[in-house]
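The values are calculated or read from the model by the stated rules, or taken from the named source; none is laboratory data. Please read all numbers here as calculations on a predicted model, not as lab measurements. Positions of Cβ are backbone-derived with ideal geometry, glycine not excepted, and every protein chain shown enters the neighbour counts.
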Amino acid sequence: MGMKAQELVVRAGLDLNALLKELNSAYCDEWLAYYQYWIGAKVAEGKMANLIAGELQEHAGEELAHAEKLAQRIIELGGTPAISPDLWLKESVCGYLAPKDPNALTLLKQNIQGERCAIEVYHKLLAMVAGKDPITEHLVREILEDELEHEQDLEDLQNGCEPKDKKSCAK
Ligand code: FE
Ligand code: FE
Ligand code: MG
C-alpha cells in the first residue's frame, strides 16, 4: 500500500473507492479473458484451428499480464484484488463465454466480442483517470493498446489473414 500514491489520487479529485472498484472489475475481466483464451486454445478444432489456437494462447498470456499490472496498482492504492474466483464472474463487466462449440471460427467470434467489451471498459476507465492519475492513466492506456491489437489480430484471422502479415490475407 502506498500512502503517497493514495494521497495523490485523492488530491487530484478522484474518488479512490470508485477507482478501486473499476480497477477490480477490470481485474476480474482479465482473469476470465485469460481462461477463455487459454481453454479456447486447448479445445479449438476445424478450419485454421492450429493458427487460431496459437494466437489464442498468445493472447491468454497477455491477458494474464494485464491482471498482474492491475493487481499491482490496486494494492498500491490500498485495495485488495479479488481474492477468490467466485468474484470473477460476480464483479466482471464483460463476463465469460464458454467455448461450448469448439469450432475455431466460433471461438474467434466469442473472443472478438470479449475484446470489444474490454475496449469499452478501458476507454471508460481512461476517461475517468485522464489528467488526474498519471500512473493509472499510463497503465490503462497500455492495456487499451493491447486490447485494440487483440481485436485487430482476431479480425485478421477471421478474414483468413495471419495477424500482422497482410500479405497472407486470402482474398
Ligand atoms: Fe486484457
Ligand atoms: Fe485482450
Ligand atoms: Mg496477438
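In the set I52, I74, which member is part of a helix (DSSP H, G or I), over 17 Å from the mean Cα position of the chain (by Cα) and touching a residue at least 24 places away in the same chain (Cβ under 8 Å)?
The unique qualifying residue is I52.
Would you confirm whether any residue within the range 102-109 is surrounded by 14 or more Cβ atoms within 10 Å (Cβ to Cβ), of a type in the set (S, T, N, Q) and within 28 Å of G54 (Cβ to Cβ)?
For the range 102-109, residues surrounded by 14 or more Cβ atoms within 10 Å (Cβ to Cβ), of a type in the set (S, T, N, Q) and within 28 Å of G54 (Cβ to Cβ): present.
Would you point out the residue of the range 26-42, among those that are in contact (Cβ under 8 Å) with a residue 60 or more places away in the chain and away from ligand 3 (no atom under 15 Å from the Cβ), that is farthest from L126 (Cα to Cα)?
In this case the residue turns out to be I39.
Can you tell me how many residues within the range 1-25 are without any contact (Cβ under 8 Å) to a residue 60 or more places away in the chain and of a type outside the set (A, V, I, L, M)?
Counting residues in the range 1-25 that are without any contact (Cβ under 8 Å) to a residue 60 or more places away in the chain and of a type outside the set (A, V, I, L, M) gives 6.
Here's the yes/no breakdown for (1) within 16 Å of ligand 1 (Cβ to nearest atom); (2) surrounded by 13 or more Cβ atoms within 10 Å (Cβ to Cβ); (3) among the polar types (S, T, N, Q); (4) at pLDDT 95 or above:
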| residue | (1), (2), (3), (4) |
| --- | --- |
| P81 | yes, yes, no, yes |
| I143 | yes, yes, no, yes |
| E149 | yes, yes, no, yes |
| E155 | no, yes, no, yes |
| K164 | no, no, no, no |
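Restricting attention to the range 8-35, and to residues there that are among the aliphatic types (A, V, I, L, M) and within 16 Å of the chain's Cα centre (by Cα), which single residue is surrounded by the most Cβ atoms within 10 Å (Cβ to Cβ)?
A33
Wholly within the range 86-171, which helices (runs of 4 or more DSSP H) include no fewer than the required count, namely at least 2 residues that are closer than 19 Å to S25 by Cα and within 11 Å of ligand 2 (Cβ to nearest atom)? Spell out how you get there, then give the answer.
Numbers: elements: 86-91, 104-129, 134-158.
Output list reads 104-129, 134-158.
Among the listed residues Y122, Y96, which satisfies the condition of being of a type in the set (F, W, Y), under 30 Å from L8 (Cβ atoms) and either within 15 Å of ligand 1 (Cβ to nearest atom) or out of contact with any Pro (no Cβ under 8 Å at 6 or more places or on another chain) (or both)? Give the steps one after another, and end with the answer.
On the way: Y96 fails: under 30 Å from L8 (Cβ atoms).
Exactly one residue qualifies, and that residue is Y122.
Identify all residues within the range 113-134 that are closer than 24 Å to L16 by Cα and touching a Leu at 6+ places or on another chain (Cβ under 8 Å); write none if there are none.
Those that are closer than 24 Å to L16 by Cα and touching a Leu at 6+ places or on another chain (Cβ under 8 Å): I119, Y122, H123, L125, L126, M128, V129, K132, D133.
Pairs under 6 Å by beta carbon, first residue closer than 15 Å to I74 by Cβ in the range 127-151, partner among the acidic types (D, E) and not in a loop (DSSP other than H, G, I, E, B), six or more apart or different chains?
Here the result reads V129/E137, each pair linking the range 127-151 to a residue that is among the acidic types (D, E) and not in a loop (DSSP other than H, G, I, E, B).
Among A49, A53, A44, A33, which is modelled with pLDDT of 95 or more and closer than 15 Å to I143 by Cα?
Just a single option satisfies the conditions, and that option is A33.
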